[in-house]
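This report refers to the structure that appears directly beneath it.
Each value in this text was obtained by applying a stated rule to the coordinates, not by laboratory testing. Here the structure is a predicted model, which means the values were calculated and not measured. Cβ placement follows ideal geometry from the backbone for every residue including glycine, while neighbour counts extend to all protein chains displayed.
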Amino acid sequence: MATAVMTSLDTKSRSAPRGMSDIRIRNLFIIPTILFLIVFNIFPLIYSLGYSFTDFRASSNAPASFVGLQNYRALLNDPFIWLNFAITAKYVIISVTGQVIVGFGTAMLLNRDIPLKGLLTTLLLLPMMLSMAVVGLFWKLLYDPSFGIINYTFGLGSFEWLSNPDMALYAVAITDIWMWSPFVMLLSLAGLSAVPKHLYEAAAIDRAGPFYTFFRITLPLVAPILMIAVIFRTMEAFKTFDLAYILTSQPTTEVISIRLYKMAFQEWQTGRSCALAYIVLIMVLAITNIYVKYLNKVKER
Amino acid sequence: MAAVQTRSERALNRIAIAAVLVITLIFLAPVYWITATAFKPRNLATTIPPTVLFEPEISPFVKLFTKRSQLREAPTPEEYAAAPWWERMVFDGGEKIVRSGRGEVQPSGYPNRFMNSLIVAITSTVLAVGMGTFTAYGFSRFRVKGEADLLFFILSTRMLPPVVVAIPMFLMYRVVGLNDTHWGLIILYTAFNLSFSVWLMKGFIDEIPKEYEEAALVDGYTRMQAFFKIVIPEAATGIAATAVFCFITAWNEFAFALIMTNRRAQTAPPFIPSQVGSGLPDWTVIAAGTFLFLLPVAIFTFLLRNHLLRGMSFGAIRK
């Protein structure tokens, strides 16, 4: 096929420019995507920035009136919003720490000759590919105090997970750890398998103990990739919505995304929710910035 | 790893293998439980102790697809005998299938939501991967002013929290009438996946040697012909992997679907949890719906296994 095309084109002059110029093709390939993202991501954000200075309520027909910075002032002085941020921070810490321990630990165990290693790794990765909302829903049954298999397996009697205000956030985090430890494991495995084998051989010749080998060779070399996993998961956990929304309706699990959702679509405080969205957005962009800087640093090496 | 192993190393290895097996079992237990519950009769779904061994049946799937109501009185033997096998299963569970005046079986809300999920996920995947591949080629092969900034801009759109974007999009869609439509969701998912698709495809295209196209250009191909006849076939695996990732993301998405749709265009993720309302839910039916919904993703995960690392790190880490 290729030769046919070549001969058919060969008759044309080789020096003359054929088809579109490279610059036109470049613009044709890139500009639509940029425009699409501007129209459907940036423009909405500008739109909501405008509303964040008003008292607009999407549920009423009253026209929006300008209130200046009042929404922002009210939000930043609202202790309940800070409580939502504190819950989010607690959730991020529990869930990311758990994922690093389980994920990195499993990667350390897997980083050796194991029969059916490929199959085991694929099976372990399954949870993170599944829908958070749909699988999260099923965890409701697993956590059920009277007939859930978690209480049965661990002999916890009729321990309350989701309806207990002190436990609910941990229950959500445990499900999140189940879903996302595989992600940390996957990246850790990549890092571990990239550690040059001769370093371990040299350490063995020097009769270095396992702790020395781990802290002086393994950890420093895996750290950059592990760090990517940590920042990425922090970013995602900060934005978390699906799991907490599906699993519980406790005030103790009201992470910031859920507060934002309720403010916007249940209380219909549209103007104020736009302001809160902006506060959240600035925080997310800050973490994203750190993430991308770090990615570039790792890529350069 | 090492060819020579001491006895203690071998013992350690065995412990590690056992630990890995235990961890795998724990990780798969919830998935197994969903699958098992989807094939249980209703009275075995919530027993204490949990029922592990049982005779699988497909009545949950019959119930999943049909509209049912509680039986007030048992069906007469004639009615029972006249009913097809799948309707008897519903009778056995103490329910009856709702039929229209002309006797047609009424479907439940599930098949419709499943179709919506398919339409939205497939269309948005085609759009995101198509546009993403062009853009990735543009960035990979041509000099672009402020390339790093543009790529950062593209990536940052992916990081926006869905709820933050959803508030203005909801207001804008209300004006143009896109709320609760397939296109409304398709646009959102395309935008969401586009940045991912550009980043991932750029990695794949960067790996195709420029010399291939240059040779073709010398041979008289136009740039466009070189792109379609050389780059696209070389990038086929990458395109397929990217498409599967985009599909899974769109298929699983919950927050936008919850906010932007309610009846006509609702996808499965907001619908399945809404079945657990007040009262005692029939977990076998929920498990059957969940099982069918998770099945495509499980198959795709298996097919994708060699590309997962790349996909999950936006192409930053390759193997």
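Some observations on this one:
- For A:Ile217, B:Ile259, order by how many other beta-carbon atoms lie within 10 Å, fewest first: A:Ile217, B:Ile259
- Taking only the C-alpha atoms of segment B:110-312, Rg followed by Dmax gives 19.5, 72 Å.
- For the protein assembly as shown: rounded, prolate or oblate by the Cα gyration tensor [a/c cutoff 1.5]: rounded
- The H on the amide N of A:Thr54, modeled in the peptide plane, is under 5 Å from the matching H of A:Val67, each at least 5 residues off or on a different chain.
- Inter-probe distance in nm under a simple model that places probes 7 Å from Cα toward Cβ, at A:Ser59 and B:Arg143: 5.8
- Whichever lysines have a C-alpha closer than 18 Å to that of B:Lys96, once near sequence neighbours (fewer than 8 apart) are set aside: B:Lys63, B:Lys67
- Taken one residue at a time, the phi angles of segment B:142-153 give Karplus couplings (6.51, -1.76, 1.60, θ = phi - 60°) of 10, 6, 10, 5, x, 4, 4, 5, 5, 5, 5, 4 Hz. Gly and Pro are set to x.
- For peptide A:45-52, the mean count of partner chain Cβ atoms within 10 Å of a residue's Cβ comes to 4.
- Zone of A:Tyr152's modelled label, taken as backbone nitrogen in segment B:259-300 under 20 Å from a point 7 Å along Cα→Cβ: B:280-291
- Estimated D of chain A in µm² per second, where Rh is the Kirkwood radius over Cα pairs and Stokes-Einstein applies at 37 °C, 0.692 mPa s: 139
- Amide H contacts of B:Arg68: B:Val98, each under 5 Å away and 5 or more positions distant or on a separate chain (H built 1.01 Å from N in the peptide plane; Pro and chain starts excluded).
- Arranged from fewest to most other beta-carbon atoms within 10 Å of their beta carbon, A:Glu201, B:Glu211, B:Glu234 become B:Glu211, A:Glu201, B:Glu234.
- Rounded to the nearest whole Hz, the Karplus-based 3J(HN,Hα) values (6.51 cos²θ - 1.76 cosθ + 1.60, θ = phi - 60°) of segment A:168-176 follow the sequence 4, 5, 5, 4, 4, 5, 4, 4, 5, with x at glycine and proline.
- If you take the Cα centroid of segment B:244-319 and the Cα centroid of segment A:130-204, the two points sit 18 Å apart.
- Other protein chain C-beta atoms within 10 Å of residue C-beta, averaged over A:21-30: 6.
- Stretch gain in nm, segment A:Asp22-A:Lys262, where the contour uses 0.36 nm per residue and the Cα spacing is subtracted: 81.4 nm
- Förster radius 60 Å - calculated FRET efficiency between B:Val218 and A:Asn164 (Cβ-Cβ, nearest 0.05): 0.25
- Amide hydrogen proximity for B:Glu95: with H placed 1.01 Å from N in the peptide plane, the residues at 5 or more positions away or on another chain lying under 5 Å are B:Leu71.
- Computed from the C-beta positions of B:Met115 and B:Ser69 and an R0 of 25 Å, the FRET efficiency is 0.55 to the nearest 0.05.
- Cα-Cα over 30 Å, subset of A:Lys140/B:Lys202; A:Lys262/A:Lys297; A:Lys239/B:Lys202; A:Lys239/B:Lys40: A:Lys140/B:Lys202; A:Lys262/A:Lys297; A:Lys239/B:Lys40
- Using the rule -39500 (n - 2.57) for each DSSP H run of four or more residues, divided by the residues of chain B, the 222 nm mean residue ellipticity is -21000 deg cm²/dmol.
- Shielding by partners for peptide B:299-312, expressed as the average number of C-beta atoms from other protein chains within 10 Å of each residue's C-beta, is 4.
- Distance between the 7 Å Cα→Cβ label points at B:Ile26 and B:Arg263: 4.7 nm.
- Under the Karplus curve 6.51 cos²θ - 1.76 cosθ + 1.60, θ = phi - 60°, whole-Hz ³J(HN,Hα) for segment A:212-220, x wherever Gly or Pro sits: 4, 4, 5, 7, 9, 10, 4, 4, x
- Proxy reagent accessibility, fewest Cβ within 10 Å first, across A:Met167, B:Met260: A:Met167, B:Met260
- Computed label-point distance, nm, for sites B:Leu53 and B:Val175 using a 7 Å Cα→Cβ extension: 6.6
- Between B:Trp85 and B:Trp183, the FRET efficiency estimated from the beta carbon spacing at R0 = 35 angstrom works out to 0.30.
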